[in-house]
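These notes concern the structure reproduced below.
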Amino acid sequence: MASPPPEDAAHPLTTYLQRLIAEKHSNLCVSADITCATSMLSLAEAVGPSIVVFKTHADILAGWDSHPTTGTGAQLAALARKHRFLIFEDRKFADIGSTCQLQYVGGLHQIVTWAHIVNAHILPGKDMVRALGESAAAWEALNVSAGGIEDEAPSCRGLLLLAQMSSAGNFLDETYTSHCVAIAREQRDFVMGYIAQRPLNSLPGDAFVTMTPGCSIPPQESLDDSEFVPGEEDPLGQQYNTPRDIMLRGCDVIIVGRGICNAKDPKMKAEQYRKLAWDAYVEKREK
Ligand code: S5P
């Protein structure tokens, strides 16, 4: 990988994401929590204009086609270029460095070839973050030498550290979160930000993006009954806040799964989330 960026430089994907946010008036990441590869692609096509990030769980998808140029990953990458969004594979790496490298580049999904962003738990320690970064750098070099595909997005890969989780009773306490922040600062050439419930930037050089799951619209504003209630948990301990609350905390992106995937009209629902989050984001910036 190229020499590390200056202390206060944001990761190129973070800079690009901020540009997409400003140009698309969107802080929305739709999480494709559905189990069919074709439906996942249809969802990306439908919500593409309203989003800045499309999050996948490749391992829950039936019918994944691993062909390098015509398969599911390649088709999703084409949709990302068409609608201008980043692809985030929510793989939550959590193994030793060597195994994580294999999981990132190999197997059925070959994640590094189509996902701009992946995420990791830091439980195994910081060498695993370095290991993923090395695999990303190897892919970047290969892609450049192969001529790459013409793409407005930077041809590099980024990592989000899971610094805080949305589920009730999780064990990611403040000490754990502060270790995430330390690792992010140390490896900022690859780490672009956090999955967290609030922004964690506190030093002048910090330019990490914050993406926040556990987001739902209050029932009185909801156009259908697909949502969970903010302030309450789903039956399995997921906790929700409103797009407005999350944006007013200073987070950059809301992550919404079932609230949009299970809606009668996901395209319309995505627009509703986009607008609620964007209005609150503007309000926060003007404060
Ligand atoms: O702390 C977290 C981290 C993640 S990445 N809590 C989460 O819910 N997620 C993911 O966000 C989760 O895996 C799911 O894909 C999505 C939230 O889905 P929803 O249906 O509750 O909106």
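Structural remarks
- Candidates GLU233, GLU174 - the one that is within 30 Å of PRO124 (Cα to Cα) and at pLDDT 95 or above: GLU174
- Count of region 166-206 residues which are closer than 16 Å to PHE88 by Cβ and among the aliphatic types (A, V, I, L, M): 4
- Selection from region 166-191 of residues that are on the phi < 0 side of the Ramachandran plot, in contact (Cβ under 8 Å) with a residue 24 or more places away in the chain and surrounded by fewer than 19 Cβ atoms within 10 Å (Cβ to Cβ): SER167, ALA168, TYR176, HIS179, GLU186, GLN187
- For region 79-97, the set of residues classified as farther than 17 Å from LYS55 by Cβ, of a type in the set (A, V, I, L, M, F, W, C) and open to solvent by less than 60 Å² (accessible area, probe 1.4 Å) consists of ALA94 only.
- Hey, ILE183 within 30 Å of THR113 (Cβ to Cβ) and within 15 Å of the ligand (Cβ to nearest atom) or not: no
Conditions (1) away from the ligand (no atom under 16 Å from the Cβ); (2) under 23 Å from LEU17 (Cα atoms); (3) of a type outside the set (Lys, Arg), marked per residue:
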residue	(1), (2), (3)
GLU174	no, no, yes
VAL191	no, yes, yes
ALA196	no, yes, yes
ASN201	yes, yes, yes
PRO204	yes, yes, yes
ALA207	yes, yes, yes
VAL229	no, no, yes
THR242	no, yes, yes
LEU248	yes, yes, yes
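- The requirement of being within 12 Å of the ligand (Cβ to nearest atom) and over 23 Å from MET165 (Cβ atoms) is fulfilled somewhere in region 253-267, by at least one residue.
- Within region 65-121, if we keep just the residues that are over 16 Å from the mean Cα position of the chain (by Cα), of a type in the set (A, V, I, L, M, F, W, C) and within 14 Å of SER135 (Cβ to Cβ), the residue that is nearest to the ligand (Cβ to nearest atom) turns out to be CYS100.
- Count of residues meeting criterion [surrounded by fewer than 18 Cβ atoms within 10 Å (Cβ to Cβ) and closer than 28 Å to HIS11 by Cα] in region 42-78: 8
The values are calculated or read from the model by the stated rules, or taken from the named source; none is laboratory data. Note that the structure is predicted; figures quoted are calculated from it, not measured. Positions of Cβ are backbone-derived with ideal geometry, glycine not excepted, and every protein chain shown enters the neighbour counts. Side chains are part of the model used for accessible areas, which takes the heavy atoms of the whole protein and leaves out ligands, DNA and RNA. Shrake-Rupley method; radii C 1.70, N 1.55, O 1.52, S 1.80 Å.
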